[in-house]
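Heads up: the structure comes next, in structure tokens.
Quick note: the coordinates plus some simple rules give every number you see, no bench work behind them. Just so you know, these numbers come straight off a predicted model, no measurement behind them. Cβ: placed from backbone, ideal geometry, glycine included. Neighbour counts: every protein chain shown.
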Number of protein chains: 2
Amino acid sequence: MRKSAADRFRHLFNRSLVFVRNQNQQYHHPSPLRSLSSMASDSPFPVTAQNINPQVLKCQYAVRGEIVTLAQNLQKALQANPDAHSFDEIIYCNIGNPQSLGQQPITFFREVLALCDYPALLDKSETQGLFSADSIERAWQIVDQIPGRATGAYSHSQGIQGLRDTIAAGIEERDGFPCNANDIFLTDGASPAVHMMMQLLIRSEKDGILCPIPQYPLYSASITLHGGHLVPYYLDEATGWGLEISELKKQLEDAKSKGISVRALAVINPGNPTGQVLAEDNQRAIVEFCKQEGLVLLADEVYQENVYVPEKKFHSFKKVSRSMGYGDNDICLVSFQSVSKGYHGECGKRGGYMEVTGFSPDVREQIYKVASVNLCSNITGQILASLIMSPPKVGDESYESFMAERGAILSSLTTRAKALEEALNKLEGVTCNKAEGAMYLFPRIRLPEKAIKAAEAEKSAPDAFYCKRLLNATGIVVVPGSGFGQVPGTWHFRCTILPQEDRIPAIVTRLTEFHQKFMDEFRD
Amino acid sequence: MRKSAADRFRHLFNRSLVFVRNQNQQYHHPSPLRSLSSMASDSPFPVTAQNINPQVLKCQYAVRGEIVTLAQNLQKALQANPDAHSFDEIIYCNIGNPQSLGQQPITFFREVLALCDYPALLDKSETQGLFSADSIERAWQIVDQIPGRATGAYSHSQGIQGLRDTIAAGIEERDGFPCNANDIFLTDGASPAVHMMMQLLIRSEKDGILCPIPQYPLYSASITLHGGHLVPYYLDEATGWGLEISELKKQLEDAKSKGISVRALAVINPGNPTGQVLAEDNQRAIVEFCKQEGLVLLADEVYQENVYVPEKKFHSFKKVSRSMGYGDNDICLVSFQSVSKGYHGECGKRGGYMEVTGFSPDVREQIYKVASVNLCSNITGQILASLIMSPPKVGDESYESFMAERGAILSSLTTRAKALEEALNKLEGVTCNKAEGAMYLFPRIRLPEKAIKAAEAEKSAPDAFYCKRLLNATGIVVVPGSGFGQVPGTWHFRCTILPQEDRIPAIVTRLTEFHQKFMDEFRD
């Protein structure tokens, strides 16, 4: 029978405090929802929090949640009065958004984008003096690849064919295995691609998706919005966030025993928020597991350019599965890529693609149909996605400067990751695994009982309490571990490694001083 | 009890032939799904058409459906052999995509975009010779509005504040009523905005959205994908696609009597595919209806610049409701706008916004949260959305040339709409209402019984049969009326008015010759 709206709302509210449970483990402890009374039904508005889609209400996205709203308010206060706080700026370490913290765009990429945005420049002699020869040549190539040179037209629903050819060639060069341009779906960043796959696979709350814990909350949010069930598997912090096949099996069996039909395994490599880079033999075992269990492998590979340790190397799951002899009919594999990450960090351009292999023609048609409903992804993002998969080559005029810009960013990220990791590991009660890749550190903080009690009194998760204190004291914005999921009773936060290198020492000092004072205040 | 997958699939398959029924009226008769046997369950693939989300399977989007796939195949054949068909090119009149048919972008917009994509140009002296003074000035303004001048960073989830301020000022100037920049959500075109509202409002198949019939199939697709119920209201072809309040009331009561909770009324003005422009007093009655019935008014106003008849004028529903004295707490109103339409037709840039008024702070928070999960819309599209709402003004260097470009496009669209309408009305058994606005004509074709029988033999809807014949004979791509919905037993197609003016006579000739032959072949 249909429950009353109020009943359903109370039910949801209670659930939202736990969000997703796995047996007796509570891995996700979000900040409490606003009080029920503020959502009372005596509203003059026909649409209320009680009568919207409950999946929307339930969905959470900590990376832009409460802590960011708080930070934005502090920033407004600082703008109004620079002396409002003991710090003079907000440092956003909550999100992998490199250019917001001063990273400069790659010159070659922007030259090409500008020329494609205003192709009339290509015919003018002054352009030679303003742009590199290879950016002009590339822009001509791209404009010629667009049917009718119509840079402002909707493209094919999967993206412009010529750009997909370029991307497919880039994937072949990366992997050493063939790639079909028809397998590429260009998207507005990786997020809509993930949504598209969840929309395809999830039929009801009885459909599950295996996700790492900790995970990037796009996955939990998307699964919730599509009415599915997040089946967690825990990464092992003690072994550098290791992904154990035994854990996958255990959680799969557990989900099955509850009547959950598990459809896919999401793997984030390099890891977000955890920064580990999977070893190739581990990847082989993961592919084998998916093959045996009939699971779609959703491979989030958006950090493929971000590896900071010489002993590790990125291998795409496509390459790994092909090297095992599994072809297009043997394993369902979706690889997500984005222009937002890598060394270029072009987040605002919203470009990306998914490479979809191992699906039947019938299902491929359905994916194409859903892509068609949104017509196409933005062309600027499409062009940029082709550029990142086909950057300047030896002999091109831009090659040297491109490599210098790229190298400087990646080597500086390596330095910053190391400096922040070392500083975090020096803090009382804090341990932090190395960031082998990606853009984040995810330190564990052992909070004193007194701090946990103080958090409870504020109806806050203990790590959220810590992060809010940190923000209020230093202007540094990090995201509580509870937004990503963590082993119950452990507390973490995610901090990007993205502030510019010259600012790291000051950040370390502010963080260290804050932590010392926090522990002094709450030490048991 | 849970049905077996095969049972559910058969159920869906049967339903999909009818799609949505309203009492005894069948308004949507899509082209038949591929045969069941091709989706058999002996697939080696774990994901099959039988076990994906049934809402995905059910969803239809004719504008890029079967007919376009057919056209793409013909195009490939022509590329391989220019003599493959009796025509030498495919003319895509299936979708409102002006630049794909040769419309040139507005120079000022592209100048600003290029400068924002590569801001290093702003510091170079050669730039003065290549760009207009006001485009340079505008680019400086925009770059300065972006926090840290980070043109490659994720923005605020609703879009860059400064750009939203510009858009709000443009809306105020258009309407003569205040607009709050915090009500603006910038989106990758209007489609994701429509999806966002459907996701918010639809809880189950018992939630209905009132949609015009004929409608732009984004609405039916989005409602299906979100598991809701399309409640049709019929536009009256005899009165130029008039929207009657009595029809709204009748359909609302009918839906209520079936236990459907109607949440919103979608209105497309100017109409797509129908091209009518609503009269202001009609709009007032619509606002009053929504107010009385507690419905959200979803106003698709993406064709607000496209009005071709002197006796009609576009009025936003926001302006109409404010002029009736209804303020922000009186009526829930969402206005969708896009950079894809208007005189500029920048479809590939995927820019747009929705102005959201009349929702409680609680619900606004939920909309913000959902927007946050996708981080932000693309910045190029955001910039363009601000430009279309704030084009060059008297005294700006670009003003004259901008007005000339804009005027030439709009006056040519007027000419083309009239020429095509007149040609269609001359065809045997065809009547076509005037396109007062938007980009389409939606002629009614009275098909002979023999043609209807021939279509049935091919398992095709009669209008789809006609459109496929037209394509195969002439290379002209139009979309069958069954993809938009129509009064049962009537047949239509949608044809854009977008081919360049000098090509219209040839298109008219080809269309006329084809139609004559078709009628000769099938005349009863």
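The table that follows gives values for the structure above.
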| item | result |
| --- | --- |
| Alpha-carbon centroid distance for the pair the stretch A:402-478 / the stretch B:160-239, whole angstrom | 40 Å |
| Estimated FRET transfer efficiency when R0 is 22 angstrom, pair B:Ala457-B:Ala77 (beta carbons, to 0.05) | 0.30 |
| Distance between modelled label sites at A:Arg446 and A:Leu70, nm, 7 Å Cα→Cβ extension | 2.4 nm |
| 10 Å Cβ neighbours from other chains, averaged over peptide A:324-331 | 1 |
| Estimated vicinal HN-Hα couplings, Hz - the stretch A:242-252 in sequence order (Karplus 6.51, -1.76, 1.60; Gly, Pro = x) | x, 9, 9, 5, 4, 5, 4, 4, 4, 6, 5 |
| Under 5 Å, built H, 5+ apart or other chain: amide partners of B:Arg494 | B:Val479, B:Gly481 |
| Amide H within-cut-off set for B:Val231, under 5 Å, with H built and near neighbours excluded | B:Ile209, B:Leu210, B:Cys211 |
| Size of electric dipole in the stretch A:134-256: Cβ of Lys, Arg +1 and of Asp, Glu -1, about Cα centre, debye, nearest 20 | 420 debye |
| Number of partner chain Cβ atoms within 10 Å, mean per residue of A:356-367 | 5 |
| Share antiparallel - DSSP beta bridges, the stretch B:154-389, percent rounded to 5 | 35 percent |
| Listed residue (A:Val112, A:Ile142, A:Tyr154) projecting farthest to the positive dipole end of the stretch A:111-159, Cβ model | A:Tyr154 |
| Positive-end residue of B:Cys93, B:Ala408, A:Leu252, charge dipole of the protein assembly as shown with Cβ unit charges | A:Leu252 |
| Shielding by other protein chains, B:214-227, mean Cβ within 10 Å | 2 |
| 3J(HN,Hα) from dihedral phi, the stretch B:256-264, Karplus parametrisation 6.51/-1.76/1.60, rounded to Hz, x for glycine, proline | 4, 5, 9, x, 7, 9, 7, 9, 7 |
| Simple spin-label estimate for A:Ser257 and A:Glu513 in nanometres, 7 Å along Cα-Cβ | 5.3 nm |
| Debye, to nearest 20: dipole size of the protein assembly as shown, +1 on Lys, Arg Cβ, -1 on Asp, Glu Cβ | 3220 debye |
| Dipole magnitude of chain A, debye to nearest 20 (Cβ charges: Lys/Arg +1, Asp/Glu -1, about Cα centre) | 1840 debye |
| Amide hydrogen neighbours beyond the local backbone of A:Ile91, cut-off 5 Å, H modeled | A:Ile476, A:Val477 |
| Number of Lys pairs (Cα under 23 Å; 8 or more positions apart or on different chains) in the stretch A:154-389 | 19 |
| Value at 222 nm in deg cm²/dmol, rounded to 500, when DSSP H runs of n ≥ 4 in chain A each add -39,500 (n - 2.57) | -13500 deg cm²/dmol |
| Simple spin-label estimate for A:Ala279 and A:Asp123 in nanometres, 7 Å along Cα-Cβ | 6.0 nm |
| For chain A, share of DSSP beta bridges that run antiparallel, in % to the nearest 5 | 50 percent |
| Hz values of 3J(HN,Hα) by residue in the stretch A:307-313 - Karplus curve (6.51, -1.76, 1.60), Gly and Pro given as x | 10, 10, 10, x, 7, 10, 9 |
| Farthest toward positive dipole pole in the protein assembly as shown [+1 Lys/Arg, -1 Asp/Glu at C-beta], among A:Ser204, B:Asn433, B:Ala371 | A:Ser204 |
| Nearest-first distances (nm) between copies at A:Ala285, label 7 Å from Cα via Cβ | 7.1 |
